[in-house]
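Trainee: Attaching a single structure in structure tokens format; questions to follow.
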Amino acid sequence: MILSFVEHEDGKPEDSSVEMLTLARDVAGQHDVPLEAVVFSAGEGVAEAVGAFGVETVHVVDHDGIRDYAPEAWAESVNQLVSELEPEAVLAPGSERGHEVLAHVASKRGLPMAANCLDVTAGEAYELTRQRWGGTLLENARLTGETKLLTVAPNEISTEQIADPNGATTREFQPTLADEDLRVGLVEIEESDEEGIPLGEARIVVSGGRGVGSAEEFDKLEELADLLDAAIGSSRAAVNEGWRSHDDQVGQTGAKISPTLYIPCGISGAVQHMVGCKGAENILAINTDPEAAIVDHADYAVIADLHEVVPALNEAIREQKDGA
């Protein structure tokens, strides 16, 4: 049996979990064993939703002490379920929670864990293809262990439902948890008060880096973003300077974006930044340095001072809109 850890919101599986289930079903098929899932809180419709991707049984964790996300409690619940079911492998989505929960499980069981996998050939040892360095490198690896533990890289697997889903049956699972398992838990989610188009949803993103010079100079970039109905982003350097909030950061430790057009202004193009914007269809770089890494990655580049280029762009766009 293959066990999958599924995240859901009110019974609707997260996209990263659906992608994971597609790969998990393939692994189950290679072993010729059923695919099952573990969820926390049932959520109306979750069994039907995951059943469409080949899950036959959903194990719903039920414990009075678990109110919301609690990484150690969730991991110990999965750990106990693994001891009971003895699956060939446990797969989780490559989300923050998926990585954290499965890492705890790996530590508890003394097993290796492979993160951000794209392809699996099952056997006594698993032959894996997985992402490294934020997706800039693909690694071929072998995963061994009594139970294989792996997470699936998000936004990389094409989801595919089964032809004739029967729906999954549900089974309640009650773990035995100690006080220390419940010592860490989610208490409150604080929503960002930033206005505008979210970075992850924007078709156009305008970003600024250290070359912008100050928080006040971002006004020119914000004006350009408004004119283009774009989102505003920044590099880590601008965040470290205190010019922008972390919510605006594009990069390995910030947002991953995939707009139709990305306009980085005064950004050098470090590897960590490029990890965040590698999904962009087109990059228009504005930079004074023709040797900057961002220029090498760009589809189009303006080698000039952003403080001259951006105001000129703003004026040209306003004139075009006024004349339309």
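Trainee: For segment 120-157, name all the residues that are in a strand (DSSP E or B), free of Cβ contacts under 8 Å to residues at least 24 places away in the same chain and either of a type in the set (Ser, Thr, Tyr) or surrounded by fewer than 16 Cβ atoms within 10 Å (Cβ to Cβ) (or both).
Mentor: Glu127, Thr129, Arg132, Leu137, Leu138, Glu139, Asn140, Arg142 - these are the residues of segment 120-157 that are in a strand (DSSP E or B), free of Cβ contacts under 8 Å to residues at least 24 places away in the same chain and either of a type in the set (Ser, Thr, Tyr) or surrounded by fewer than 16 Cβ atoms within 10 Å (Cβ to Cβ) (or both).
Trainee: On to the next question. As an exercise: evaluate Gly185 against (1) under 22 Å from the mean Cα position of the chain (by Cα); (2) modelled with pLDDT of 90 or more and give the number of the one condition it does not meet.
Mentor: Of (1) under 22 Å from the mean Cα position of the chain (by Cα); (2) modelled with pLDDT of 90 or more, only one is false for Gly185: (2).
Trainee: Let me ask something additional. If you take the residues in segment 92-133 that are over 26 Å from Leu182 (Cβ atoms) and basic (Lys, Arg), which one is modelled with the lowest pLDDT?
Mentor: Selected residue: Arg132.
Trainee: Exactly one condition in (1) closer than 30 Å to Pro34 by Cα; (2) hydroxyl-bearing (Ser, Thr, Tyr); (3) in contact with a helix residue (DSSP H, G or I) (Cβ under 9 Å, 6 or more places away or on another chain) is false for Thr136; which is it?
Mentor: Just one mismatch for Thr136, condition (1).
Trainee: Given the criteria part of a strand (DSSP E or B) and farther than 15 Å from Ser17 by Cβ, does Asp64 qualify?
Mentor: no
Trainee: Here is a follow-up. Scan segment 18-35 for residues that are of a type outside the set (Asp, Glu) and out of contact with any Ser or Thr (no Cβ under 8 Å at 6 or more places or on another chain) and jot them down.
Mentor: Leu23, Arg25, Val27, Ala28, Gly29, His31, Val33
Trainee: With respect to the numbered conditions (1) touching a Pro at 6+ places or on another chain (Cβ under 7 Å); (2) buried (at least 21 other Cβ atoms within 10 Å of the Cβ); (3) under 25 Å from Gly276 (Cα atoms), which one is the sole condition not fulfilled by Gly98?
Mentor: If we test Gly98 against (1) touching a Pro at 6+ places or on another chain (Cβ under 7 Å); (2) buried (at least 21 other Cβ atoms within 10 Å of the Cβ); (3) under 25 Å from Gly276 (Cα atoms), just (1) comes out false.
Trainee: Please find, within segment 47-74, the residue that is farthest from Asp15 (Cα to Cα) out of those that are buried (at least 18 other Cβ atoms within 10 Å of the Cβ) and free of Cβ contacts under 8 Å to residues at least 60 places away in the same chain.
Mentor: Trp74
Trainee: Quick one: count up the residues across segment 158-177 that are touching a residue at least 40 places away in the same chain (Cβ under 8 Å) and part of a loop (DSSP other than H, G, I, E, B).
Mentor: Of the residues in that region, 13 qualify.
Trainee: Can you confirm whether Glu36 is over 22 Å from the mean Cα position of the chain (by Cα), at pLDDT below 95 and not basic (Lys, Arg)?
Mentor: When the stated conditions are applied, Glu36 does not pass them.
Trainee: For Asp15, indicate whether it is over 27 Å from Trp133 (Cα atoms), surrounded by fewer than 19 Cβ atoms within 10 Å (Cβ to Cβ) and out of contact with any helix residue (DSSP H, G or I) (no Cβ under 8 Å at 6 or more places or on another chain).
Mentor: Taking the combined requirement at face value, the residue does not satisfy it.
The values are calculated or read from the model by the stated rules, or taken from the named source; none is laboratory data. Keep in mind it's a predicted model, so treat the numbers as computed, not measured. Here Cβ is always computed from backbone atoms with ideal geometry, including for glycine, and neighbour counts include all displayed protein chains.
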